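Engineer: Please find one structure pasted underneath; my questions will follow.
A short reminder: the numbers here are calculations on the coordinates, not readings from a lab. Small disclaimer: the values here were computed from a predicted structure and weren't measured. Cβ coordinates were reconstructed from backbone atoms using ideal geometry, including for glycine residues, and neighbour counts include every protein chain displayed.
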């Protein structure tokens, strides 16, 4: 049996009855609507690079480490293969990545950056600062919020897997 580990503002365990059902009081809606705001900011920034936000996520993964399988990328960006495959094909047709079958296991598709894909990294280097400016928060607060969200994400995935 799962135990209730949520806490009220006073630090006492919170009961389900203490949570409001009003939309603006929901954590999930705060996260969702904030992400919509992020998407709007990114849409404008990424337009000059010819990328969508999910494509930008894939490119960041490949900029960290090239020559990955679709499965590797899927795990990093939390997108399933049927969603990721058309996105990767568009990146290939844009000349940013090459998709090849693995010589070891031809069921696996490997993604490697092209020269244009590598060059795009420097053109995108200003984006984190633009996001920080749009957030209008000190860097320390941004990093703390990111860490707290990553911890929350981990707990949510752990809960879903249980």
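Engineer: Going 7 Å from the Cα of residue 114 toward and past its Cβ, which residues in segment 54-73 have a backbone nitrogen under 20 Å from where you end up?
Structural biologist: Under cut-off, by backbone N: 54-70.
Engineer: Moving on. Please list log₁₀ I(q)/I(0) at q = 0.16, 0.17 Å⁻¹ for the chain, using the Debye equation with identical point scatterers on the alpha-carbon positions.
Structural biologist: Log-scaled intensity ratios, in q order: -1.07, -1.15.
Engineer: Here is a further query. Please express the Cα-Cα pair-distance distribution P(r) of segment 49-120 as a list of whole percents, one per 10 Å bin, running from 0 to the bin with the greatest distance.
Structural biologist: Pairs per bin, as whole percents: 21, 62, 17, 1.
Engineer: Now a separate question. What FRET efficiency, computed as 1/(1 + (r/R0)^6) with R0 = 41 Å and r the Cβ-Cβ distance, is obtained for residue 105 and residue 158, rounded to the nearest 0.05?
Structural biologist: The formula returns an efficiency of 0.85 here.
Engineer: Any idea what log10 I(q)/I(0) is at q = 0.22 Å⁻¹ for segment 106-162, Debye with uniform C-alpha scatterers and no solvent?
Structural biologist: For segment 106-162, the Cα-only Debye profile gives -0.86.
Engineer: Right, next: Taking the Cα atoms only, what angle lies between the long axis of helix 27-47 and the longest principal axis of the chain, rounded to 10 degrees?
Structural biologist: Tilt of helix 27-47: around 30 degrees.
Engineer: If I take every Cα pair under 8 Å that is 6 or more residues apart in segment 27-89, average their sequence separation and divide by the length, what percent do I get for the relative contact order?
Structural biologist: It rounds to 22 percent for segment 27-89.
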